[in-house]
Each structure stands twice: as structure tokens, then as C-alpha cells.
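Notes follow once the structure below has been shown.
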Amino acid sequence: MYHFILGRYTNQELSNYTHFQLSQIPELEFVYDRTRQDVEYVIELTRKYQKGTITDEEKEIWMGGIKGSLNAGDLNRNEFNISFISTMISVEVEERPDTWTAKDIPHAEDYERIRNNVQKIRDGWVQLPGMPPVPQRPLNTFDKWNDIEKILHDIYHLYMRIQSSYYQCGEGLYAGEEVGEL
């Protein structure tokens, strides 16, 4: 987990927090609406970059990470979401020891670890109707990554809805009467 002041947390460190404390964390980010057009735009910008015809504005977009590509930012977001969600629902996952950088090259084992972790999370929690299955190897298409992030999104939001429905000790429940607590 990353905190704007404290840095990176491991799964073990996150396990020290209560479910209520974890539910107070800001929204996680998920990208599961990638389209063929997003991928084609990345291919177009890559060709322009290779030919030397890319504009400075397009180069900034291309270098900053585009929805149709898979970059270090996407991998870090997914690694963080997996770690965070697995801690929330008490599922053991295999974590990457450090964050991804633009110079890192993911290997088949990295993709398999991510896929296996998502499978553990999906198997370890309630599955919503219509939740996609964990995609099979290789994780080489935008729709497979959409499925991975959709699974994480659905489980996270279902957990948060359930968590927000609980009443903590000392909170009053009222049945509409003017006097008294239940």
C-alpha cells in the first residue's frame, strides 16, 4: 500500500489495520473500459515516435501512459489494488517486492503471479453476477486486462458496500420514533 506520507506498506503491515480503518482509505482506481480504439491510438503514436513525426504534445501523452497500453503505472496500480484488496478480504497473495519502473521488463512469471493473485481474490470473496472469469494466459490483450481490473473493482466495491452497512458499537439505531434507541 502507498500512503502519501509514509510510503509503501507490505501485506503483513496492512494486516495490522482493522476492516473499519481500511474502509476509510480513499477510493482505489480501476481501468476496465479500454477499447480497440485506445489500442489503435497507442499503435499510431508509437509509429509516429519511431518515424520521428510525433509532436511534443503527442510525445507527452505517449510517455505519460495511455489507456490502450500497459505500462509501469498500470502494473503498479494493479499490484497495489491486489495487495490492498487481498488484505481487506484476508486472502494471501504473492507480492512483488518493489514497484515497477519504466525500465523494468515484465516477464511471463510476473503476469502469471498477477493472474494467480486475482484468481485467489476472486475465489476468496463473493462473486457478483456477471463478474468475468480470471483470464487465461497470456495476458496480452486489452480485454483480458479489463477483466482483471473489473474483478478487482467489483470485489472492492462490494466489500466497501458491505462494510458501510455495518454499525459500529455505540452508534444509535432509530426506528423513526421520537424517543429511544433500539
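Each residue, GLN119 and ASP104, gets one label point 7 Å from its Cα in the Cβ direction; the gap between the two is 2.2 nm. With every protein chain in place and a 1.4 angstrom probe, the accessible-area ranking of TYR32, TYR156, largest first, reads TYR32, TYR156.
Report the gain in length on full extension from ILE162 to GLU29: 0.36 nm times residue separation, minus Cα-Cα distance, nm rounded to one decimal.
Working: separation 133, 0.36 × 133 = 47.88 nm, distance 1.90 nm.
Full extension from ILE162 to GLU29 adds 46.0 nm.
The values are calculated or read from the model by the stated rules, or taken from the named source; none is laboratory data. Computed from a prediction, not measured in an experiment: that's the story for all the values here. Don't worry about glycine lacking a Cβ; one is built from the backbone with ideal geometry, like all the others, and counts go over all protein chains shown. Surface areas here come from the heavy atoms of the whole protein model, side chains and all, with no ligands, DNA or RNA. Shrake-Rupley method; radii C 1.70, N 1.55, O 1.52, S 1.80 Å.
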